[in-house]
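Rule-based calculations on the coordinates, nothing more; no lab input. Remember, it's a predicted structure, so these values are computed and weren't measured experimentally. Cβ placement follows ideal geometry from the backbone for every residue including glycine, while neighbour counts extend to all protein chains displayed.
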Amino acid sequence: MFFPRLRNQAKWAFVFLILVFGGGFVFLGVGSGGLDLGQLLRDAFGNSGSSGTSVSQAQKRVTERPFNAPARKDLATALEKKGRIDEAIAAWTEYARLRPKDVTALGHLGQLEIAQADRYLSDAQLASLAQQDAGVGSAFRPSSTEKFGQALGEDPIGAALSAKAGAQLQEASVKYQTSATRALRTYQQIVKVRPKDEQALFQLAQAADHLRQTPVAIRAYKGLLKFKLDPTTAAQIRQRIKTLQQSAGG
């Protein structure tokens, strides 16, 4: 991986490695092999225990005091412990609106959003494969320009499977883009709160890089070069910028 000096300076770097490796498995189409990203994240933040406020108790407190930040945080934590990650993300988002300068919470929210985006990416890839598989049978059918092929008509099962997979692909793709956009906004908020913090900018650069948001990643990496970095780290960043620019065709 890139930039060891920066990466070793904060706990979020370890968590981000969890996400990068998990995303790598997804991208390569390899099974999880028992890797529980949610558990790794909970362990990294010391949140693996079963004690604490229940979801129902936390929800009741939020209902009674909707603008109380600690109540929102308790709900987010309770939901996350129960593995209800999508709901936890929504709760953490509400908490962040009430405490927009809590960079620890923002960093945790961003990591959850990246993991969510990775999950939707996996769903999209599986739907794409299903759509391709649905069309395999058409290769063995007579051409529609031939009389026999015209008599057989369209394969209704294959068409139905392809349409279903296409809809799933579209839905997962939209959800991925939404989650990726939200994650970047979260990391951009951290940079806004701490504009002179190189770790915050590095966090944004790596998040954008992982989510394949190349323009954002390039800008963030270039911003890092304005800090006083050691020569090795600066060289690695320049090389990464060059690689991203080449992959983007510019």
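Looking at region 168-250, the trypsin sites (Lys or Arg not before Pro) that sit in a DSSP loop and have at most 10 other Cβ atoms within 10 Å of their own Cβ are LYS196, LYS226, LYS228. When the C-alpha to C-alpha distance is required to be over 22 Å, the pairs from LYS81/LYS164; LYS101/LYS242; LYS192/LYS228; LYS81/LYS192; LYS196/LYS226; LYS196/LYS242 that qualify are LYS81/LYS164; LYS101/LYS242; LYS81/LYS192; LYS196/LYS242.
Whole-percent P(r), region 195-235, all Cα pairs, 5 Å bins from 0: 6, 28, 31, 23, 11, 1.
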